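Just so it is clear, none of the values below were taken in a lab; they were calculated from the coordinates. What you see is a predicted model; the values in this text were computed from it and never measured. We place every Cβ from the backbone using ideal geometry, glycine too, and count neighbours over all the protein chains shown.
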Ligand SMILES: [Zn+2]
């Protein structure tokens with residue numbers, strides 16, 4: 001952990017801002033959640049740490065597709081000249097290409113890396129979205145596919161008849177979510193062909209180090225790293 005974090009409280013791994021604590025955010029105004037400088041929430045900070053410390057995207061020449069881009073991670077990607085960057089989304093003005101994740105206008109095997117965070121829980125046909133991510137990845141490529149997960153539930157809860165924003169919020173956690181994933185999220189990824197690794201990062205940093213980045217090891221548990229095999233059978 002950088003010394004500044006020890007002196008000031010927390011540090012954002014996306015923008016290096018230090019402060020006593022991050023701002024509250026989320027429906028329940030979760031404390032210590034959002035970076036005041038770049039807007040990074042816990043999920044962005046944990047994935048930023050994973051990318052910085054556990055991958056070589058800071059030096060390898062990679063083509064990267066950022067689905068539903070967030071400024072905090074865009075900031076990191078934009079500083080790395082070795083990354084051939086493309087962002088895509090159905091609605092976001094930050095995206096370079098406007099597209100539905102279920103029917104992306106990219107050729108097969110176009111990208112080395114896909115980042116897709118908190119998208120699939122909004123997508124009615126998430127299996128099709130996952131297949132599309134798999135399709136556009138090069139063999140040997142990998143994706144980070146984060147979704148909100150109830151790690152206490154084995155089974156994903158979804159019911160397409162539930163359409164009211166109030167009911168969706170009550171049952172799925174947010175007004176525009178169409179399901180609440182359980183641990184069987186992994187099955188959907190594997191069905192598409194992915195090799196799935198749940199990397200316990202940041203928990204493997206330990207609670208004290210994680211706290212300096214405003215992360216809680218019992219909440220921010222896993223980075224979902226999904227790899228397309230280099231040779232398909
Ligand atoms: Zn920040």
Taking the chain and dividing mean pair separation by its residue count, relative contact order in percent (alpha carbons under 8 Å, at least six apart): 18
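Calculate, for residue 171 and residue 208, the FRET efficiency according to 1/(1 + (r/R0)^6) with r their C-beta to C-beta distance and R0 30 Å; round to the nearest 0.05.
Values: r = 36 Å, r/R0 = 1.19.
Using R0 = 30 Å, I get an efficiency of 0.25.
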Highest-fluctuation residue, 128, 153, 195 considered, GNM on the chain with Cα pairs under 10 Å: 153
The chain: translational diffusion in µm²/s, Stokes-Einstein, Kirkwood Rh over Cα pairs, 10 °C, 1.306 mPa s: 87
Amide N proximity, region 76-106 versus residue 138 label position 7 Å along Cα-to-Cβ, cut-off under 15 Å: 82-86
Among 161-172, 75-86, the order from most to least packed when residues are scored by Cβ within 10 Å on average: 75-86, 161-172
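Fewest first, what order do 98, 138 take by the number of other Cβ atoms within 10 Å? It would help to have the intermediate numbers written out before the result.
Numbers: 98 12, 138 16.
Fewest-to-most Cβ neighbours within 10 Å comes out as 98, 138.
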Part-to-part distance (alpha-carbon centres) for region 23-88 and region 187-206, which is given in Å: 18
Stretch gain in nm, segment residue 103-residue 162, where the contour uses 0.36 nm per residue and the Cα spacing is subtracted: 18.8 nm
Relative packing of peptides 88-97, 201-210 - highest average C-beta neighbours within 10 Å first: 201-210, 88-97
